[in-house]
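Working notes, beginning with the structure itself.
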Amino acid sequence: MADTMGHSATATRNTSVALGFCLLAIAPQIFEFIWSIGTIFGWGAGRGPAAVVIAHATALLAGAPGALIGAASGDTKKASSEVLLALIYSYPLFAVAIVTLFMTIRSAQDYVGGIILMALALFALWASSDLQGMRGFSFGAGTAPRMFGGLLVAMSAGIALTGLLTDGPAMAHYAWRGPMFVMVAIVFFALAIRPLGLVVTAFASFMIAATGSHETRWLEAAIVGACLTAGCAILFPYVLGLPMPMFPRFLIQ
């Protein structure tokens, strides 16, 4: 009975890890979808949410398989960015998620950490896929990113393999609140800087990030945020000479 319970617990953990890898496999698509929501309110330029969902769903379900079949038949047609993202980044991680369901993970920290590093390397390989490679002995703009990305894939695979072959620590509890609010603050800054200006956006972003801690003292956070905002208002437009809007559009107009 103990063996059965242990097997059930392992299967449950593997299922959770596999689902996490599936979510990681579509993380760039999800991020672009969230980013595209800002276009509805005029926060930035680019495709709308519907166009993003259709483009990535088509690439994952039809475009990438079609590209694989075409490559097998000798078709040299260049694939779109969405199809390349599915082929280089998403499909390998989906494959890892499927394999994870049937593996015994002996060191969860090593295994999961290795796969996350692999995801970063695969994303770097996709991001550099449209850069020029080597021509003869001359390095192109994409040579170094691809070389380091390939090395990181190999190293991360070795780390993940260590998690399958040797005993090690289980996954530690992780606090998501801090990183989540920091990411929300970064996305908010990127979307709001043009319509709201540097002053409002910088202060609001700092306060959003401060929400990630239970120990935040709001009066002190507001004072520090105001000081940082004043520093940014001097640094970016005057010291660095960056043409950033200072105040919201509706106040200027």
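At 222 nm, what value in deg cm²/dmol follows for the chain if DSSP H runs of at least 4 each add -39500 (n - 2.57) and the sum is divided by all its residues, to the nearest 500?
Taking each H run of at least 4 residues, the total per residue is -22000 deg cm²/dmol.
Work out which helices of the chain, taken as complete DSSP H runs, extend at least 18 Å along their axis over the Cα atoms and score a mean Kyte-Doolittle of 0.0 or more, then list them.
Helices passing the filter in the chain: 2-25, 27-40, 108-127, 143-165, 177-210, 218-234.
Label points 7 Å out from Cα along the Cβ direction at K77 and I34: separation in nm?
3.4
Measure out, as a whole number of angstrom, how far apart the alpha-carbon centroids of the stretch 47-77 and the stretch 221-237 sit.
Cα centroid of the stretch 47-77 versus Cα centroid of the stretch 221-237: 45 Å apart.
As an exercise, use a Förster radius of 41 Å and the Cβ-Cβ distance of V99 and I234 to find the FRET efficiency, rounded to the nearest 0.05.
Numbers: r = 53 Å, r/R0 = 1.29.
That pair, V99 with I234, gives E of 0.20.
Sort 55-65, 162-172 by the packing proxy (mean of other Cβ within 10 Å over each peptide's residues), most packed first. Spell out each step's value before the answer.
On the way: 55-65: 17.6, 162-172: 12.6.
Sorting 55-65, 162-172 by mean packing, highest first, produces 55-65, 162-172.
Give the shape of the stretch 21-63 as rounded, prolate or oblate, defined through the alpha-carbon gyration tensor: a ≥ b ≥ c are the square roots of its eigenvalues, a/c under 1.5 means rounded, and otherwise the shape is prolate if a/b is larger than b/c and oblate if not.
oblate
Going by a ≥ b ≥ c, the root eigenvalues of the Cα gyration tensor, does the stretch 29-135 fall in the rounded group (a/c under 1.5), the prolate group (a/b larger than b/c) or the oblate group?
It comes out oblate by the Cα gyration axes.
Which of the following values of semi-axes √(5λ) of the Cα gyration tensor in Å was calculated from the structure shown: (i) 38, 28, 19; (ii) 24, 22, 18; (iii) 30, 21, 20?
(i)
Hey, in the GNM for the chain with a 10 angstrom Cα cutoff, which one of R106, R177, R47 fluctuates hardest?
R177
Could you tell me which of rounded, prolate or oblate describes the stretch 112-253, using a ≥ b ≥ c as the square roots of the eigenvalues of the alpha-carbon gyration tensor, with rounded for a/c under 1.5 and, failing that, prolate when a/b is larger than b/c and oblate otherwise?
Taking the square roots of the gyration eigenvalues as a ≥ b ≥ c, the stretch 112-253 is oblate.
For F41 and V182, what is the calculated FRET efficiency with R₀ set at 30 Å and r taken between the beta-carbons, to the nearest 0.05?
Efficiency, from the Cβ-Cβ distance: 0.85.
Coordinate-derived values only; no laboratory data. Since the model is a prediction, treat every value here as computed from it, not as a measurement. Ideal geometry is used to build each Cβ from the backbone, glycine not excepted, and the neighbour counts take in all protein chains shown.
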